[in-house]
């Protein structure tokens, strides 16, 4: 087995302001495995500050894995050596490359190799409506619905609580048939979060991460539908489930790969918690894999996969385009993105 890695840098179409600073580029690594029989698998590691290891840590982990594999170590053993708690994006690249190779060798699309027996043509996707005034929020939400989206995630937490409550009410009144979610990115106190839920909780499927990530006691005490996102990067998953969330937002890049994400989704379902798959503004290789992961989860709710347009350039063609609120699931062998390697020769 031969292993190689190559760095990449993808500029965003527009800089993204986050609580941890401005993101202007997504930088990472492609990781390629080639077996003696010619089977090939390609993975992607795109670290994200606050969610995964640093770029340098990721590179070192992938170089170590490549050296071990080139020296004759079984890739499955190399994968088990990489604890996703410390190097999740590196583990994602290795896990995806292996899964891509095995699925391609079996002649199956990745989602079927991950365990879904039925053919899946597409998966539902939510649109995201950013922070803005009431009129702009309603206009943005209406435009998304006109484009075919049946589920909207509205960013909250940057404005006053009363302003965000008004925004949700106005969108809910204007678009009563649409599923609404709110995402606070941990911006509120316990009192503010409960006040928000009391005011509009019945209008929402859930509010995502209303409290800081590690405030498990506060999250468990909230009355109303809550989803966890940032919490999953900070605490053990079983501890997160103890807060009884409505949903969990699963980022494969932060969880350590497709196989682990599907396992976590199954565990969530066992507890009656809805798994929502989303990207971390990844390149085409990881983004396509996220669509396959979503397709591997039966009856998956709308996922956060409509992020291709956030990139000015990409690793390759978009094999899972979003149209009418759904992402197309590729039906070719494996992840379908092995050719991206030659674009970065």
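A few remarks follow.
- Among the candidates 84, 80, residue that is farther than 14 Å from residue 31 by Cβ, in contact with a helix residue (DSSP H, G or I) (Cβ under 7 Å, 6 or more places away or on another chain), modelled with pLDDT under 90 and outside the structural domain of residue 315 (by TED's automatic domain parsing): 84
- Taking the range 58-139 and the helices (runs of 4 or more DSSP H) fully enclosed by it, the elements with 3 or more residues that are in contact with a strand residue (DSSP E or B) (Cβ under 9 Å, 6 or more places away or on another chain) and farther than 17 Å from residue 291 by Cβ are at 88-106.
- Residue match in the range 28-47 (condition: under 25 Å from residue 236 (Cβ atoms), in contact (Cβ under 8 Å) with a residue 24 or more places away in the chain and in a loop (DSSP other than H, G, I, E, B)): yes
Conditions tested, residue by residue: (1) assigned to a helix (DSSP H, G or I); (2) surrounded by fewer than 24 Cβ atoms within 10 Å (Cβ to Cβ).
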{"residue": "253", "(1), (2)": "yes, no"}
{"residue": "259", "(1), (2)": "yes, yes"}
{"residue": "264", "(1), (2)": "yes, yes"}
{"residue": "267", "(1), (2)": "yes, yes"}
{"residue": "272", "(1), (2)": "no, yes"}
{"residue": "277", "(1), (2)": "no, no"}
{"residue": "287", "(1), (2)": "yes, no"}
{"residue": "290", "(1), (2)": "yes, no"}
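- Residue within the range 215-229 that is crowded, with 17+ Cβ neighbours inside 10 Å and within 30 Å of residue 29 (Cα to Cα) present: yes
- Test: residue in the range 108-130 that is touching a residue at least 24 places away in the same chain (Cβ under 8 Å), touching a helix residue (DSSP H, G or I) at 6+ places or on another chain (Cβ under 6 Å) and closer than 30 Å to residue 193 by Cα: yes
The values are calculated or read from the model by the stated rules, or taken from the named source; none is laboratory data. In this text, all values refer to a predicted model and were calculated from it rather than measured experimentally. Note: ideal-geometry Cβ built from the backbone for every residue, glycine included; neighbour counts use all protein chains shown.
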